[in-house]
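The values are calculated or read from the model by the stated rules, or taken from the named source; none is laboratory data. No experiment lies behind these values; they were computed from the predicted model shown. All Cβ positions, even for glycine, are placed from backbone atoms using ideal geometry, and neighbour counts span all protein chains on display. For the accessible areas, the whole protein counts, side chains as well, though only heavy atoms, and no ligand, DNA or RNA atoms are used. Shrake-Rupley method; radii C 1.70, N 1.55, O 1.52, S 1.80 Å.
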Amino acid sequence: MSDQPIIKISLPDGSVREYPKGVTGHQIAFSISEGLARNVLAAKVNGEVWDSSRPIEADATVTLLTWNDPEGKATFWHSSAHLLAEALEALYPGVKFGTGPSLEKGFYYDVDLGGQALSMEDFAAIEAKMQELARGKNQYLRQPISKADAISFFTEKGDEYKLELIDGLEDGQITFYTQGNFTDLCRGPHIPNTGIIKAIKLTNIAGAYWRNNQENKMLTRIYGITFPKQKELEEHLHQVEEAKKRDHRKLGKELELFAFSEKVGQGLPLWLPKGAMLRERLESFLKKAQLKAGYLPVVTPHIGSKALYVTSGHWEKYGKDSFQPIKTPDEDEEFMLKPMNCPHHCEIYKTKPRSYRDLPLRLAEFGTVYRYEQSGELHGLTRVRGFTQDDAHIFCRTDQVKEEFLRVIDLVLYVFKTLGFNDYSAQISLRDPENKAKYIGTDEDWEKAESAIIEASAERGLATVTELGEAAFYGPKLDFMVRDALGRKWQLGTIQVDYQLPQRFNLEYIGSDNQKHQPVMIHRAPFGSMERFIAILIENTAGQFPLWLSPDQIVILPISEKYADYAEEVFFTLQDQDIRGFVDHRDEKIGRKIRDAEVTKVPFMLIVGEKEQSEQLVSIRRKGEGDLGSMKVEDFIVFFQKEIKNNLTSF
RNA sequence: GCUGUUGUAGCUCAGGGGUAGAGCACUUCCUUGGUAAGGAAGAGGUCAGGGGUUCAAAUCCCCUCAACAGCUCCA
């Protein structure tokens, strides 16, 4: 009616429009343009995402969400999960449902098929059913429901998982959503109707524990992804294929960087010559920076007596799940493969009395450690059982913690920047306030350590996310997380403040007051581990490493065997300038040699034939770019060294 | 650790109850070639390992190991 109350809707462009009370997101969109109305998937009302069909009853700030908004996609995929569930219920009567959320890319639904096995071969039929249901353009209908009615609905259906979820919900806050013949317990929101879902692909199937708890039953998790257009699905699948080509396990084999052997053992990488050279370069790069940053190198053994880990607390915490103790001919004598370097470093600290003038003491070691990771966790070089940490422990006074922490952040950022790791996130990992028993140490120490990390991160302007319950058992951490080619997240650099170990090892120093004090320890590793870092480096660069790291920097390609001597001469000149590579003496045509050099990702090809030999030149070809013309060998050396200098700045 | 899938030549993969296949790589020979694959011949496998069914098993069944995907874990 004309005297309907009016409400004010603020839109993202700053405009404020008036609509009758009860207007929906869809109606607002329609008043702007028909095209927008067609594309609206949901509406963000005062910061909360709503169905675009839900009436707005008061003045509000509204953002209309489309496929271009992350929240629009999330809604689309969540609704797709419901569509999957509807298809499953149609094809597998009696199926029970766990949860079915959207993901960063796609969605899943956890289901219990009552012992019936489902495989990827069944996907085609399920996808077809989903397509059929999508074409029905069924609306997603929201329905608030009382707790009692919700319980009776799912009791009748016999779905104990939904009943368990309802159990944790508050009466009056419960909603159901129905599309077609399928009704689900769901907070929403959803897209207007199933017809918007045009392209459907089920991608994977795997087990997942109910409510993420190992003690619970394992459900079948079905993953999928959907798009509003077929073309977008095709593009997505293409991208996934491209990403697979960057997988470090594949490239590591192809480029002969590392290998695994069943006989050596699971999760124990073998570094091949090219990989070892790459790794050594990375090590010396960091060693150089650390020397400038005031670190002192130390070297400690690969094993330590069990007593060392009893003192550190690692024995109690991880003893059962570690490689088991090494015995000696001496009864009762036991050693452990070291799972961490810190206890050894604490003993180095204790080799002499320390004065406050000695602090901070920064002890650095590329220390190889061994951890018995769960077999299901092992993954290429990113999760292994023997790996080398670019470890260091900073022993300092309480008043130096923040300054030291800041200096470590700077070092980590330098490392990341030099290696082109721009896409990282900084995560502050604190202890789980609900479960303090998992950790050692007093509340006071934890609070001091946690605030030191939070302050230092803020001071360096890091964009951080905070995760509760992710701390190490002895202290909070600042972790630098990156993603691999397939989008999985891994921790690389880490900085941890620790008040516990100094206590357990009775570390002390004499202060200016001539009294004994306890130092604070900072554990830190900019790479994290050489193995994982190199894995990510391989994936980031697709195996095309920066010139200074490349195992072979140049290859010399003689046109024929007649120029072999000249090729050797050029090679030795370059080798004298520390330029790495080899001469391709094979009895092949130049086209073939070029192709093989391209495939093995050698940055520079130096072609030598009659013309080059007679004029003392080399013809330069850059991988991926092609012919750069001819130049004198000396000029190439200058050019080459300038290249390296440009992307390898010092700390 | 759990659930599922997979395991055939150095690599990528086809095959499938009746003597083991291809391409690339490798070896030898021919070719001495100018900017992304020259030609020919040859060699190479206990079909992951163990057990079972069968006249016969690489193939079917069971166990073990490993890899892969996800979950759980991660000092």
Taking the conditions exactly as written (under 17 Å from A:PHE505 (Cα atoms), open to solvent by less than 20 Å² (accessible area, probe 1.4 Å) and outside any helix (DSSP H, G or I)), does A:GLY267 satisfy them or not? no
May I ask you to list the residues in the range A:524-565 that are among the β-branched types (Val, Ile, Thr) and either farther than 29 Å from A:ILE495 by Cα or open to solvent by less than 10 Å² (accessible area, probe 1.4 Å) (or both)? A:ILE534, A:ILE536, A:ILE538, A:ILE554, A:VAL555, A:ILE556, A:ILE559
Can you run down the residue pairs with Cβ atoms below 7 Å, 6 or more apart or on separate chains, where the first is in the range A:119-138 and over 22 Å from A:HIS190 (Cβ atoms) and in the same structural domain as A:LYS201 (by TED's automatic domain parsing) and the partner is part of a helix (DSSP H, G or I) and within 15 Å of RNA strand B (Cβ to nearest atom)? none
Condition broken by A:GLU215, with the remaining ones in (1) in contact (Cβ under 8 Å) with a residue 40 or more places away in the chain; (2) within 14 Å of RNA strand B (Cβ to nearest atom) satisfied: (1)
Does A:LEU118 meet the test of being open to solvent by 20 Å² or more (accessible area, probe 1.4 Å) and in contact with a Leu (Cβ under 7 Å, 6 or more places away or on another chain)? no
Return only the number of the condition from (1) more than 15 Å from RNA strand B (Cβ to nearest atom); (2) within 30 Å of A:TYR424 (Cα to Cα) that A:GLN544 does not satisfy. (1)
If you go through the range A:218-235, how many residues are within 16 Å of RNA strand B (Cβ to nearest atom) and surrounded by 16 or more Cβ atoms within 10 Å (Cβ to Cβ)? 7
Given the conditions (1) more than 10 Å from RNA strand B (Cβ to nearest atom); (2) surrounded by 18 or more Cβ atoms within 10 Å (Cβ to Cβ), which single one is not true for A:ARG383? (1)
Could you list all residues from the range A:610-650 that are open to solvent by 70 Å² or more (accessible area, probe 1.4 Å) and part of a strand (DSSP E or B)? A:ASP627, A:LEU628, A:LYS632
Considering every residue within the range A:191-211, establish whether at least one is within 8 Å of RNA strand B (Cβ to nearest atom), in contact (Cβ under 8 Å) with a residue 60 or more places away in the chain and part of a loop (DSSP other than H, G, I, E, B). no
Can you spot a residue in the range A:278-286 that is away from RNA strand B (no atom under 12 Å from the Cβ) and small (Gly, Ala, Ser)? yes
Against the definition (under 34 Å from the mean Cα position of the chain (by Cα), at pLDDT below 95 and among the β-branched types (Val, Ile, Thr)), how does A:ILE197 come out, yes or no? no
Which of the residues spanning the range A:4-35 are open to solvent by less than 50 Å² (accessible area, probe 1.4 Å) and touching a Phe, Trp or Tyr at 6+ places or on another chain (Cβ under 8 Å)? A:ILE7, A:ILE9, A:GLY25, A:ILE28
Output for Cβ contacts, cut-off 6 Å, separation at least six or different chains, first residue among the aliphatic types (A, V, I, L, M) in the range A:227-244, second open to solvent by less than 30 Å² (accessible area, probe 1.4 Å), reads A:LEU233/A:ALA199; A:LEU233/A:PHE227; A:ALA243/A:ALA485
The lone condition A:ALA29 fails out of (1) at pLDDT 95 or above; (2) on the phi > 0 side of the Ramachandran plot is (2)
Can you find a residue in the range A:85-97 that is closer than 11 Å to A:LEU202 by Cβ, buried (at least 16 other Cβ atoms within 10 Å of the Cβ) and more than 27 Å from the chain's Cα centre (by Cα)? yes
Being acidic (Asp, Glu), modelled with pLDDT under 95 and either farther than 30 Å from A:PHE480 by Cα or not assigned by TED's automatic domain parsing to the domain that holds A:ILE394 (or both) narrows A:ASP513, A:ASP587, A:ASP576, A:ASP596 down to just A:ASP587
Mind telling me which of the residues A:ASP321, A:ASP332 ends up being within 11 Å of RNA strand B (Cβ to nearest atom), open to solvent by 80 Å² or more (accessible area, probe 1.4 Å) and either acidic (Asp, Glu) or not assigned by TED's automatic domain parsing to the domain that holds A:ARG488 (or both)? A:ASP321
Does A:ALA456 satisfy being free of Cβ contacts under 8 Å to residues at least 60 places away in the same chain, within 16 Å of RNA strand B (Cβ to nearest atom) and among the small types (Gly, Ala, Ser)? no
Before we move on, is A:GLU365 among the charged types (D, E, K, R), within 16 Å of RNA strand B (Cβ to nearest atom) and open to solvent by less than 20 Å² (accessible area, probe 1.4 Å)? yes
The number of residues in the range A:399-431 that are of a type outside the set (S, T, N, Q) and more than 27 Å from A:PRO519 (Cβ to Cβ) is 7
Of the residues in the range A:51-67, those that are open to solvent by 30 Å² or more (accessible area, probe 1.4 Å) and either in contact with a helix residue (DSSP H, G or I) (Cβ under 8 Å, 6 or more places away or on another chain) or of a type outside the set (A, V, I, L, M) (or both) number 8
Looking at A:ILE590, A:ILE607, which is the one that is near RNA strand B (Cβ under 9 Å from one of its atoms) and open to solvent by less than 30 Å² (accessible area, probe 1.4 Å)? A:ILE607
Counting just the residues of the range A:335-362 that are open to solvent by less than 30 Å² (accessible area, probe 1.4 Å) and among the charged types (D, E, K, R), which one comes out farthest from RNA strand B (Cβ to nearest atom)? A:ARG354
What number of residues within the range A:128-142 are open to solvent by 50 Å² or more (accessible area, probe 1.4 Å) and either closer than 28 Å to A:ASN212 by Cβ or at pLDDT below 95 (or both)? 1
Are any of the residues in the range A:235-243 small (Gly, Ala, Ser), farther than 23 Å from A:LEU103 by Cβ and modelled with pLDDT under 95? no
Check the range A:177-185 and report whether any residue there is in contact (Cβ under 8 Å) with a residue 24 or more places away in the chain, assigned to a loop (DSSP other than H, G, I, E, B) and open to solvent by 30 Å² or more (accessible area, probe 1.4 Å). yes
Could you check, for the range A:619-635, whether at least one of its residues is away from RNA strand B (no atom under 15 Å from the Cβ) and of a type outside the set (Lys, Arg)? yes
